[in-house]
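Step one of this worksheet: look at the structure below.
The values are calculated or read from the model by the stated rules, or taken from the named source; none is laboratory data. Predicted model, so just to flag it, every value in this text is computed and none were measured. Heads up, the Cβs are rebuilt from the backbone with ideal geometry, glycines too, and the neighbour counts pull from every protein chain shown.
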């Protein structure tokens, strides 16, 4: 019955949204994951295994959780976590790092299934969450237009196509812009298919080892960064989009998937924030109850990354970065606008929401924790200290 309903809810726009989600997520941060693996002296085979584990984990959790709760649950690897590993894990033996990944995954699992994290997140007002979402996504909206500096014809054509299609067939505006972008990029010789070849990824098991140094220097920072910089905004994105899915099992299962896949290089899985917003907008489907199909489609594409890691990497690398920036910005315009609208809708919470938006959009990073967390914290502080109403 579940599969039958999912088939009825299927739409081309949702599949395209899922593809754009993976395209943006992969091209924007895969290099950081590669660098993290290299910092741990992982071999080429082990790096391929990392992509296998992460793709498999993201695919299974996207598909399973989205079908279970009928909401667009998009998961991702922890990009801030990978960035932290580049410096914090340098010099740590790979088996000890794997042990640290396991411990971090266990902590995430406990935070999820005990309900502690959900209780904490329920205290965040919707305008503050929406302001944080808009701040996180602002960079992608700006990148849409800055990309015109280097590829004006390509990006401008995509932009005009989007505007025209919004008038006649709004549901297919992003799809049309992507098609036009690919055609123009091909005509200009901007698509580089030289490195594309069909290759299966092979998992490599690394037996974990445990040390106090790796626990303190890798596991705990990875846990904190993943929860604060990824899961907090991930939950806020869900709430800002109007979805009331139970948070505890979502966090718990991403932690459990991390524990299972850590020996193969799955260092940290979490809820996505930026890419998740692509699956939650009107471009995915006019009906919010059918947008979960976009997350399921993203899961299928993530599975393909796991199975054909090197091949998919080469395919995504073939797209010019301006095309990726443009399609991401176009896909997120509606979500940015809605986030700003909700953020300033309540006069009593307008200034705290504005502070949240500005801090988040600034991109400030303190103690290895990203701007989304500090934006929420600043907004909460402003809310707490706001003047008493006369």
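Points worth noting:
- Qualifying residue in segment 117-137 (condition: under 30 Å from residue 95 (Cα atoms) and touching a helix residue (DSSP H, G or I) at 6+ places or on another chain (Cβ under 7 Å)): yes
- Leading residue by the ranking (surrounded by the fewest Cβ atoms within 10 Å (Cβ to Cβ)) among those in segment 356-374 that are closer than 18 Å to residue 385 by Cα and in contact (Cβ under 8 Å) with a residue 60 or more places away in the chain: 358
- Each residue in segment 178-199 was checked for being farther than 14 Å from residue 152 by Cα, in contact (Cβ under 8 Å) with a residue 60 or more places away in the chain and surrounded by 12 or more Cβ atoms within 10 Å (Cβ to Cβ), and 7 of them qualify.
- Residue among 171, 166 that is free of Cβ contacts under 8 Å to residues at least 60 places away in the same chain and either surrounded by 17 or more Cβ atoms within 10 Å (Cβ to Cβ) or part of a helix (DSSP H, G or I) (or both): 166
- Of all residues making up segment 109-155, the number that are within 30 Å of residue 183 (Cβ to Cβ) and part of a helix (DSSP H, G or I): 17
- Set side by side, the residues 341, 325 differ, and just one is under 16 Å from the mean Cα position of the chain (by Cα) and more than 17 Å from residue 163 (Cβ to Cβ), which is 325.
- Residues in segment 119-133 include none that are under 27 Å from residue 315 (Cβ atoms) and at pLDDT below 80.
- A Cβ distance below 7 Å, combined with a sequence gap of six or more or placement on separate chains, defines the contacts here; from segment 222-246, residues that are at pLDDT 85 or above reach residues that are surrounded by fewer than 20 Cβ atoms within 10 Å (Cβ to Cβ) and in a loop (DSSP other than H, G, I, E, B) in the pairs 238/245.
- Considering the conditions (1) crowded, with 20+ Cβ neighbours inside 10 Å; (2) modelled with pLDDT of 85 or more; (3) within 21 Å of residue 51 (Cα to Cα), residue 300 is excluded by exactly one of them, (1).
- Any hit, segment 21-33, residues being free of Cβ contacts under 8 Å to residues at least 12 places away in the same chain, closer than 23 Å to residue 204 by Cβ and surrounded by fewer than 23 Cβ atoms within 10 Å (Cβ to Cβ): yes
- Residue count for segment 85-96, restricted to those that are in contact (Cβ under 8 Å) with a residue 60 or more places away in the chain, surrounded by fewer than 24 Cβ atoms within 10 Å (Cβ to Cβ) and in a helix (DSSP H, G or I): 4
- Count of segment 14-69 residues which are over 21 Å from residue 262 (Cβ atoms) and at pLDDT 85 or above: 13
- Some residue of segment 195-212 being under 19 Å from residue 258 (Cβ atoms) and in contact with a strand residue (DSSP E or B) (Cβ under 9 Å, 6 or more places away or on another chain): no
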